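A.B. asks: Quick one: structure below, then a few questions.
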Amino acid sequence: MTSSTGITVQAEVADDVAAIHSLTAQAFENVPYSDQREPLIVDALRDQQALTLSLVAHAGDERVGHIAFSPVTLSDGASGWFGLGPVSVLPSRQGEGIGSELVLAGLEQLKARGAQGCVLLGDPNWYKRFGFVATPLVRLPGVPAEYFQALLLSGEWPDADVHYHPAFNA
Ligand SMILES: CC(C)(COP(=O)(O)OP(=O)(O)OC[C@H]1O[C@@H](n2cnc3c(N)ncnc32)[C@H](O)[C@@H]1OP(=O)(O)O)[C@@H](O)C(=O)NCCC(=O)NCCS
């Protein structure tokens, strides 16, 4: 679907793989808190069949953004939870609303699949606009609580530690 920004968000196809790797590397190249493993993580999630959603933002012929969602494990046994990220927008196209469109499109698709919730590690100032909150009920061990955020999509809050897919150790 094409939005008011002229961006089309589509599910990844085989032809997108190299462009996703490249745009993810470019987006994180100068991010100080990144260890620049994000393109490898996306590749590993794909190789391990753990890319639940992989959405690409197209502007004409150019791929300008990407977002990944993958399954996470909760210590209380709750199912239907997913991790958001990495999310990347080409540096030259940041601040135009593309990242927001990718997050919103992904959350809508997760809801349509009956997901219970979504978690992420990121800047609370950006993600609170989508309803993400830091809550003591959903924890990522070893990480400052304010940077780990969750969004309940359906049902009740769990009370659990979260573990990302092993591909995040790529
Ligand atoms: C983070 C990112 C995906 C956002 O995409 P985007 O298309 O630039 O974002 P949008 O245009 O939809 O939103 C812009 C808004 O987010 C804010 N914003 C963008 N990146 C931010 C960040 N890292 N932290 C806090 N706020 C941020 C902008 O200041 C702007 O705020 P405003 O709407 O109040 O003016 C993109 O900037 C990016 O690829 N960054 C490098 C990789 C990265 O840090 N990924 C996220 C890891 S958590």
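A short reminder: the numbers here are calculations on the coordinates, not readings from a lab. From a predicted model like this one, the values you see are computed outputs, not experimental measurements. Quick reminder, even Gly has a Cβ in these numbers, built from the backbone with ideal geometry, and neighbours come from all protein chains shown.
A.B. asks: Counting only residues that are in a strand (DSSP E or B) and within 12 Å of the ligand (Cβ to nearest atom), how many does segment 120-143 have?
C.D. replies: As a first pass, look at segment 120-143 and keep what is in a strand (DSSP E or B): 120-121, 133, 138-139.
Then drop every residue that is not within 12 Å of the ligand (Cβ to nearest atom), which leaves 120-121.
Within segment 120-143, residues that are in a strand (DSSP E or B) and within 12 Å of the ligand (Cβ to nearest atom) number 2.
A.B. asks: For segment 2-30, enumerate the residues that are of a type outside the set (S, T, N, Q) and surrounded by 13 or more Cβ atoms within 10 Å (Cβ to Cβ).
C.D. replies: Ile7, Val9, Glu12, Asp16, Val17, Ala19, Ile20, His21, Leu23, Ala25, Ala27, Phe28
A.B. asks: Out of segment 110-130, which residues are under 21 Å from Glu12 (Cα atoms) and either surrounded by fewer than 16 Cβ atoms within 10 Å (Cβ to Cβ) or in contact with an Asp or Glu (Cβ under 7 Å, 6 or more places away or on another chain) (or both)?
C.D. replies: Selection gives Lys111, Ala112, Arg113, Gly114.
A.B. asks: Filtering segment 61-76 down to residues that are in a loop (DSSP other than H, G, I, E, B) and touching a residue at least 40 places away in the same chain (Cβ under 8 Å), which residue is surrounded by the most Cβ atoms within 10 Å (Cβ to Cβ)?
C.D. replies: This residue is Val72.
A.B. asks: If you take the residues of segment 77-89 that are more than 18 Å from Phe132 (Cα to Cα) and in a loop (DSSP other than H, G, I, E, B), which of them is farthest from the ligand (Cβ to nearest atom)?
C.D. replies: Gly77
A.B. asks: If the requirement is being over 21 Å from Phe168 (Cα atoms) and either assigned to a helix (DSSP H, G or I) or within 15 Å of the ligand (Cβ to nearest atom) (or both), which of these qualifies: Ala105, Ala25, Ala19? Break it down stepwise before answering.
C.D. replies: On the way: Ala25 fails: over 21 Å from Phe168 (Cα atoms); Ala19 fails: over 21 Å from Phe168 (Cα atoms).
The conditions single out Ala105.
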